């Protein structure tokens, strides 16, 4: 009984700790382990190769392209989404019927499941019968594109535009959530600070980036972390729409890991990918915190 | 801070230690990997089987992992139930794992954790993956020569590896040409369809009307149809020793040039979308009469007949000939794991023989649209009547005399994807020359050949 | 340094809420003017109108001789200190102070000089590079003040800047603000709801109620010579005792001007009879008195504040005699010369004849 009382905290935590240990820590450690072997699960042969698979994959241009795709996607998504959300939130920071309707409309994509969103966009972006090309044609945008030498926008079907199309879909899905977070942040900035700034002769633009943005920094930082980590997890869209194509241009880490391990039966390479992904995300998060956390102002 | 780092370090070290300990628990390589065909070595007992007591009061249970869903799964289950109720010595427990790929994933994990089933359904490429790694049992000892001769030649070839009979054909299919008779007739063309590549092209040119979005021919850029095209031009996908790629040679160039030219002139449409999405697009276009001729699988025949009933006359024909006729096969086989016990293997074979009995195979073929795998199934009244009513089924069967397939190779799925991607890109952007596309693909595929 | 003038200013919110109605006010150049009144009287709105943070519905505002009605707040050359300081939480003290200067494109050298001087003036030199979160309330208020000073404006506006400070700090800041005013000689406009603050700090008090000015004048004048009942009651701690008279009108007297009958104001002895007796501090004809009972007693240090219940009503009494206790019977008595009179409209009546007409013979009933 005494043991229980003096170790109560630990004992209460034990179930959760056990869960974390078994389902998170152990698999991660085991992945590390597998990545140093060449393991054929079907025949059962397991040979130790040290960094062999690492060397092989890091020398494979297709694998490097997957990493590049993922990083490019991540940067674009985060930059575009947060920037757009910032301007949208500034615009929506008033109350009127139009603005309230707009807020609802913008947030709706966040509620819809990713698969539905993805399937929908697949059809919208169809070069022949999709809504996007139809509207662009009606608005004459296609003639504008022709000036750049683009005959027809192939969206998801061409290796030059496929990743861009994914970014569009991703931004569309996450814009609402980001906007709302920033909107809430903006509304918690006391109005009198802006009045003080007005008296300090600050123009609207200066008010925006000297006051609004810095005071929004906790929200911005939060969105940065959340967007970065979630963009690294992109899987459904790739799996349902393109399976990494065309020509590997939309293949992203999580999809590559899944496909290599479970469709191509190369579990060792898959583990190498997992380990590298862990390192990349860890590095990204660490640098975010190190570089930016002292720029974040908490009130 | 130092304390924290130390304890974390200790934790990680412990975990890695435990993970490393796992090494010793790996099962010894399966006895079949080097190829003992006669007496199977002492196998690890499969936990999924009940106590082996032949002839005892309780029936011997074996597990069967399938990869069918929907109506096809129901058709199979009917036969499983029929088997189970027809005798009380063996009981088969059939469990659907989803589609071929999901099944494959689960099998991979199951093999490592010793929870694998006795028998399973494997898609053609998977037969190579699993068979070449020695996971599948050689069933030759269980079949007499007469029994083996029952199987349709064209369908059973891919189940034999290194002289071992590792896979029994079951739900097999082959690509055929589907076409809209009415559209052909309206264009003043021979209603029995194009017989050669040249005819395919000329027919398409006559029918196509791109401004109105009508095309003569549509074909998904899938490895199946790519193989077919290469074989039809007397080429092959790999060299005979399976060590080097061969699809980038003349035959491949001819195929890609043919398709590209047709796309450029507007007589062919290459459907967009990944994997089976593009097949759906092609079939949709056929049904809505936006295209006159498509390539698709016999497994789609039943569905297409239903969809086009009353709208137009749907016909089927052999794939047009290049320098010769050729068509690959697809679908899946029944296999038994080598790690299973002798008792389990015997039981599984008994069930397989039941499934491939003429009447049962005919029943399954009719219900699903897959090809009959044994020759005597064609004598069954159900199939006779079906073929009389819908001669399209006969076409698929008759084409089996021209089957040609790629021998099994490890990593085939990954290679198929590479080839498909490169050729699809050439269809979308026709400024890419056939040689460029094929050479790109060949380079990458060559790197994968171990 | 400039005067401020409101001409016919009307302010309506949401088309129905009339906050300020035809305000005409001249604030003298260089004065320390306090706008005071109860909540909702419009004083803050008036201040914000001067700053340009509120638009006028009608009328015009002039600063100096310039009509600034349509001018942006930043262009009016005014500075404002807010109740909640409104300093920028993410900038250091230095950056807070020089923000306005930076926006006005003042060159760096000049900025440095101004900022250093201002910091010295408010005593924040040691906190130059700290963020507001590390400062106390009083220090934050100084930052707000420093920010205002650095702009060298024509007018200083202050919106209840001391309300959030504790009592001792408040008193200190009051003194400092008055000193600052004397030093800079700029026009100060100070808004508060606390009439003590108003009385102690301003050299001109503007009392507002319901969007209108009830009286404007020097503190002493407003105290001794209120223009109406409202001002009489509002000014003073506590305010004047005002009661209605039979037949209309009101009269009143300051709590210090009333005493206990039968006692000198030095608290010697208690007259237990409580009833009419000649008052020591007044002869019968010169004073009016009422009997009552002590209901409350507050000891303020050098004085005591009594509340005596009489048939008039509650009479507040401030005296140095601490002798009475709770529930004691006592008679309050006021010399006639200390009475002030108002008519039915609550406006002050100063004319002797008018007073006699209103009140003659009716007092003490």
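General observations
- Cβ-based exposure ranking for A:123, A:172, in which fewest neighbours within 10 Å come first: A:123, A:172
- Fluctuation leader among B:239, B:368, B:302 - chain B, Gaussian network, Cα springs under 10 angstrom: B:239
- For the peptides A:240-249, A:199-208, the ranking by packing is A:240-249, A:199-208, with the highest mean count of neighbouring Cβ atoms within 10 Å listed first.
- A crude spin-label estimate for the pair residue B:342 and residue C:58, with each label 7 Å from Cα along the Cβ direction, gives 11.3 nm.
- Among B:252, B:266, B:310, residue whose mean-square fluctuation peaks in a GNM of chain B (springs only between Cα atoms under 10 Å): B:310
- Among B:187, B:94, B:362, residue whose mean-square fluctuation peaks in a GNM of chain B (springs only between Cα atoms under 10 Å): B:187
- Take the Cα of residue A:295, go 7 Å toward its beta carbon, and the backbone nitrogen atoms of region A:210-242 under 16 Å from that spot belong to A:210-226, A:228.
- Gain in span if fully extended, residue A:17 to residue A:142, counting 0.36 nm per residue against the direct Cα distance: 39.3 nm
- FRET efficiency, 1/(1 + (r/R0)^6) with R0 30 Å, evaluated for residue B:243 and residue B:433 via beta carbons: 0.70
- In degrees, nearest ten, helix C:137-150 long axis to first principal axis of chain C (Cα): 60
- Per residue, the convex hull spanned by the Cα atoms of chain B measures out at 190 cubic angstrom.
- For chain C, a/c is not less than 1.5, where a ≥ b ≥ c are the root eigenvalues of the C-alpha gyration tensor, and a/b tops b/c. That puts it in the prolate class.
- Mean per-residue shielding of peptide B:103-116 is 3, counting Cβ atoms of other chains within 10 Å of each Cβ.
- Peptides C:227-234, B:429-436, ordered by how many other C-beta atoms sit within 10 Å of their residues on average, highest first, read C:227-234, B:429-436.
- Tilt relative to chain B, helix B:70-86 - C-alpha long axis, 0 to 90 degrees, to 10: 50
- Rough spin-label spacing in nm, given labels placed 7 Å along Cα→Cβ, for residue C:164 and residue A:135: 4.6
- Efficiency of FRET between residue C:113 and residue B:275 - r from beta-carbon atoms, R0 60 angstrom, step 0.05: 0.25
- Part-to-part distance (alpha-carbon centres) for region B:127-174 and region B:334-352, which is given in Å: 13
- Separation in nanometres of the label points that stand 7 Å from Cα toward Cβ, at residue B:145 and residue A:2: 8.7
- Shielding by partners, peptide A:34-43 (average Cβ within 10 angstrom, other chains): 5
- Calculated SAXS-style log₁₀ I(q)/I(0) at q = 0.18, 0.19 Å⁻¹ - region B:183-312, Debye, Cα scatterers: -1.04, -1.14
- Between helix C:108-122 and chain C there is an angle of about 20 degrees, using the helix long axis and the longest principal axis of the Cα atoms.
- For chain A: rounded, prolate or oblate by the Cα gyration tensor [a/c cutoff 1.5]: oblate
- Taking a ≥ b ≥ c as the square roots of the eigenvalues of the alpha-carbon gyration tensor, region A:131-266 is classed oblate because a/c is 1.5 or more while a/b is no larger than b/c.
- Estimated FRET transfer efficiency (residue A:120, residue A:80; beta-carbon r; R0 22 Å; 0.05): 0.65
Laboratory data are not the source of any read-out in this text; all were calculated from the coordinates shown. These numbers come from a predicted model, not from an experiment. Every residue, glycine as well, gets a Cβ built from its backbone with ideal geometry; the counts of neighbours run over all protein chains shown.
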